[in-house]
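First comes the structure, then the notes that go with it.
The values are calculated or read from the model by the stated rules, or taken from the named source; none is laboratory data. Being a predicted model, the structure only gives us computed values, none of them experimental. Note that each Cβ is placed from the backbone with ideal geometry, even for glycine, and that neighbours are counted across all protein chains shown. These accessible areas exclude ligands, DNA and RNA; they are computed on the full protein's heavy atoms, side chains included. Shrake-Rupley method; radii C 1.70, N 1.55, O 1.52, S 1.80 Å.
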Amino acid sequence: QQPVQSPQAVILREGEDAVINCSSSKALYSVHWYRQKHGEAPVFLMILLKGGEQKGHEKISASFNEKKQQSSLYLTASQLSYSGTYFCGTEINYGGATNKLIFGTGTLLAVQP
Amino acid sequence: NAGVTQTPKFQVLKTGQSMTLQCAQDMNHEYMSWYRQDPGMGLRLIHYSVGAGITDQGEVPNGYNVSRSTTEDFPLRLLSAAPSQTSVYFCASRPRGDRTYEQYFGPGTRLTVT
């Protein structure tokens, strides 16, 4: 049930863009995105519900393709502060919200000056 | 609000010892969960709860027990510690409602089993 994230790691220069993908084999109710800095707890970025919506947070946005069971996180004009590990969390569609939030293995993003 | 608190922050156990990791939240959240984080494995769900008295198994429940007697507390018990349980443990909580809500994580407990 664990979603698959790609790429596993990406190195960027400041100002460059990146895309992180999250794919599930199950029909999804929602996709959550979190960022974790080294030695800290994960911090919430955004939630996407089934329906193909796209959301934004500063220069970070995401999309959710319900039919393909995929979500993508878009980081635009990256900043040094964007460095960290990004996790997608998925809730399988049992007809509504549940508390079974399963996370992917993470994507390590390093932004260099 | 203190948010989600976890104790202890660090713990070293010998193989075969038992212990309880404490987790508490003061946000009146009905949903609470325990995750373990190992390098390259991401966050893996151990057990979760949808309210007081209700718990269920996650992806990796073996070797762990939980109970939820109050809304605020969700302790995780290691019955007989093994080196494979060396990990960072995160407790998390979020509200229950008609839609899904963001999850709040505690600061984590770093456990080493020798």
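A few notes on this one:
- Here chain A is assigned +1 on the Cβ of each Lys and Arg and -1 on the Cβ of each Asp and Glu. Its dipole about the Cα centre then comes out at about 280 debye.
- Pairwise FRET efficiency - A:N21 versus B:S84, Cβ, R0 = 30 Å, nearest 0.05: 0.50
- Peptide A:32-45 has a mean of 4 when you count, residue by residue, the C-beta atoms of other protein chains within 10 Å of its C-beta.
- Both chains summed, the buried accessible area for B and A stands near 1900 Å², from protein heavy atoms and a 1.4 Å probe.
- Within the accessible area of the protein assembly as shown (1.4 Å probe), percent carbon and sulfur: 49 percent
- Per residue, the accessible area of the range B:25-83 comes to 42 Å² when a 1.4 Å probe rolls over the protein heavy atoms.
- Positive-end extreme of charge dipole, chain B - chosen from B:Y101, B:N28, B:G40 (charges on Cβ): B:G40
- Peptide B:90-97 is shielded by partner chain Cβ atoms: per residue, an average of 3 of them sit within 10 Å of its Cβ.
- Aspartates and glutamates whose Cα lies under 17 Å from that of A:K100, excluding same-chain neighbours fewer than 8 positions away: A:E91, B:E30, B:D56, B:E59, B:D98, B:E102
- For peptide A:98-110, the mean count of partner chain Cβ atoms within 10 Å of a residue's Cβ comes to 6.
- Residues A:V4 and A:T76, FRET efficiency given R0 of 30 Å [Cβ-Cβ distance, rounded to 0.05]: 0.80
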